[in-house]
Amino acid sequence: MSIINWQWTLIIVSSLILFFLSPLAKTTDQFFKAVHKRKAPNTMVLTGSLIISWIFAKSITNAANLGLDFGIVGGVAYAGYYLSFAVAGLLIYKMRTIGGFESIHQFLTTKFGKGAMALFSILIAIRLFNEVWSNTMVIGSYFGDIGSSNYYWAIIVFTLLTLAYAIKGGLSSSIFTDVIQMVLFSILLIVILWQVFSIENFTVNDVVSSGTWSFELGLNLFFAAIIQSFSYPFHDPVLTDRAFISSPKVTRKSFLWASFLGAICIVLFSIIGVYAQTQGFKGQAAVEVGKAFGIVILLVINFIMITSAASTLDSTFSSFSKLLSVDLGMAKDLTFGRASMAAIAILGTLPVFLEAEILSATTISGTMVIGLTPLFLFWNIKVPKISFYLSVITGLAFGFILVFEMLPETLIFTTGKYASLLWVNIWGILSCNILYFIPKWIKR
C-alpha cells in the first residue's frame, strides 16, 4: 500500500469516526452554544478545545519551518502569539463580570453603535475566510505538489468530510471532537519527539543552542507577535465564541492554561524544524523529517496535520454560522446555520486555486486588526464613537502599508526577516492608540 493510499485512508476513516461520534444538535443552544445536557464545558474540556482549535495545521507547519530557519528562537517567536489567550481571558473576564456583556458584538453595539459592529463583523468574516484555505492547503501539500490533481482532490475531500460532521452538531460537534483531537495530538507529538531524541547525535543541548537571540534571527517576529496579541484574539471568533459559553471563572482559568500549554506545544513542535536544521534539510521541515524517519513517522505527522486542521476547520464553520445567525441576527435556526457552514466552506476554498501564502494569513491579518487594541484594552473607558473608526481604519491602513511594503526604511530600526512586520506594527499600534484617544481629549 503506497503512502498516498495510507494518507487517503487516514483522512476518510478519521473523518467518518468523528462524524458518527459527533452529537446531533437538535436545538439552537446545542448548535450555537455547545450546551450538552444543560451543562456548559468545564475547565479541562474548554482548555483542550482552545488549544487544539488554535494549534491548526498552518501553525504547526509554520512552527516547524521557523525552527528550521531560526532554530528554537523561531519556535519561541511563533509561540508569542499564544499570549493572545491570556490577554483575551483576562479582559473578557472583566467585560463579563464588571461590564455585564454577553458577547463581543453586544459590547461593540452598546459602546460604539451598530455601524461599528458591522465593520467588526466584516473583519472577523475575513479572518474566518482565511482560516479555511490556509489550513486545507497544508493538508493538500501532503498529497502532492501545489497545482497537482492529488493536491486539489485532497483539499476538496477533506473539506467536505469535515463539513459533514460540523453540520451535524455545530459548536457541540466542534468542542466534542476537539477533546478527541487534543488527546490524539498530544500522543502523536510525544511519539515524534521520542523518535527525534532517540537519534544519538541529537540532544536537548542541540535544541537550546540552535538559535541566536537576535532581531535578525527570530526576535523581529517574536515582538511583532507580542504586539499583535493585544488585538489578534478579538478578531478570532473561534477563540472569543468559547469565552462566553462557560462561567467567567472557568473561562478565565481555561484561557490562562491554554496560553501556557499552547505555547509549549508550539515550541515542542518547532524542535522538529530544529532537527531538520541540524540535518541540512530544505523545504517543508515536518514533511522532510517524516520522510527521513520512514513511512510510520510520516503518517504520524500527517495524522497530526489532519487532526489539527479538522479541529480548526470545524470551529471555523461553527463560528461563521454563529456570526450570521446569532451575532448578526439573520436567522437563528438550524437550517440557516447549516447552510452558512456550507457557504463558508465553498468560498473559503477558492484561494487554494490562487496559490496564496500560508504564513501571510497570520501576519498580515494580525497587522490589519491592531486597531482593535485600544477598544478592548481600555474597554471601560468612555470615548466618542468616532474613536472606534479612527483606530480600526488606521490599523487597516497599516496592514496595507505592510502588504505593499510602503514603510520608509528610515523608520525600520532592525534588520533581517520580519523587520518590516515588527516596525509596521510598532508605528501602527502607537498611531491607533493616539488616534483612539484624540476625540476624548478634544471633547474635554
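Every read-out reported here was derived from the displayed coordinates using simple, explicitly stated rules and does not represent laboratory data. These numbers were taken from a predicted model, which means no experiment stands behind them.
Rounded, prolate or oblate: which one fits region 221-377, using the alpha carbon gyration tensor with axes a ≥ b ≥ c (rounded when a/c is under 1.5, else prolate when a/b beats b/c, else oblate)?
Values: a/c = 1.85, a/b = 1.45, b/c = 1.27.
It comes out prolate by the Cα gyration axes.
Can you run phi through the Karplus equation (6.51, -1.76, 1.60; θ = phi - 60°) for region 336-341 and list ³J(HN,Hα) in whole Hz, with x for Gly and Pro?
Once rounded to whole Hz, the list reads 5, x, 6, 5, 4, 4.
Please state the equivalent ellipsoid semi-axes for region 28-67: what are the square roots of 5 times the Cα gyration tensor eigenvalues, largest first, in whole Å? The partial results should precede the final answer.
Details: eigenvalues 185, 25, 3 Å².
Each semi-axis is the square root of five times an eigenvalue, giving 30, 11, 4 Å.
Of the candidates 183, 138, 369, which one comes out as most mobile in a Gaussian network treatment of the chain with C-alpha springs shorter than 10 Å?
183
Under 26 Å Cα to Cα from residue 291, which lysines show up? Leave out anything in the same chain fewer than 8 places away.
58, 282
Among the lysines, select those whose C-alpha is under 25 Å from the C-alpha of residue 33, and discard any that sit fewer than 8 residues away in the same chain.
94, 111, 114, 168, 249, 253, 322, 332
So what is the orientation-averaged projected area of region 1-41, using the convex hull of its C-alpha atoms, in nm²? Present the calculation step by step, with values, prior to reporting the outcome.
Numbers: hull surface 15.6 nm².
Across all orientations, region 1-41 yields a mean hull projection of 3.9 nm².
Can you compute the equivalent ellipsoid semi-axes for region 99-217, i.e. the square root of 5 times each eigenvalue of the Cα gyration tensor, sorted largest first and rounded to whole Å?
Working: eigenvalues 265, 120, 69 Å².
Sorted largest first and rounded, they come to 36, 24, 19 Å.
Restricting to Cα atoms and excluding each atom paired with itself, what does the Kirkwood estimate give for region 3-357 in Å? List each step's numbers first, then the result.
On the way: mean 1/r = 0.0488 Å⁻¹.
Result for region 3-357, one decimal place: 20.5 Å.
With contacts defined as alpha carbon pairs under 8 Å and 6 or more residues apart, what's the relative contact order of region 3-357 in percent? Don't skip to the answer; put the middle values down first.
Details: 539 pairs, mean separation 138.3, N = 355.
Computed over region 3-357, the figure is 39 percent.
Binning at 10 angstrom from zero up to the longest distance, how are the C-alpha pair distances of region 263-327 distributed in percent?
For region 263-327, the pair-distance distribution reads 19, 37, 23, 14, 6, 0.
Calculate the radius of gyration of the Cα atoms of region 186-292 to one decimal place, then report Dmax, the largest Cα-Cα distance, as a whole number, both in Å.
Reported Rg and Dmax, both Å: 17.3, 49.
Could you run the Karplus curve 6.51 cos²θ - 1.76 cosθ + 1.60 with θ = phi - 60° over region 311-325 and give me ³J(HN,Hα) per residue in whole Hz, x for Gly and Pro?
With coefficients 6.51, -1.76 and 1.60, one gets 4, 5, 5, 5, 5, 5, 4, 5, 5, 5, 4, 5, 4, 6, 6 Hz.
Assuming a ≥ b ≥ c are the square roots of the Cα gyration tensor eigenvalues, decide whether region 330-444 counts as rounded (a/c under 1.5), prolate (otherwise, with a/b larger than b/c) or oblate.
oblate
Below 15 Å, Cα to Cα, which aspartates and glutamates can residue 39 reach? Residues fewer than 8 away in the same chain don't count.
29
Quick one: the Cα spread of region 391-444 along its three principal axes, in angstroms, biggest first?
43, 19, 14
Between region 244-290 and region 1-72, how many Å separate their Cα centres?
14 Å
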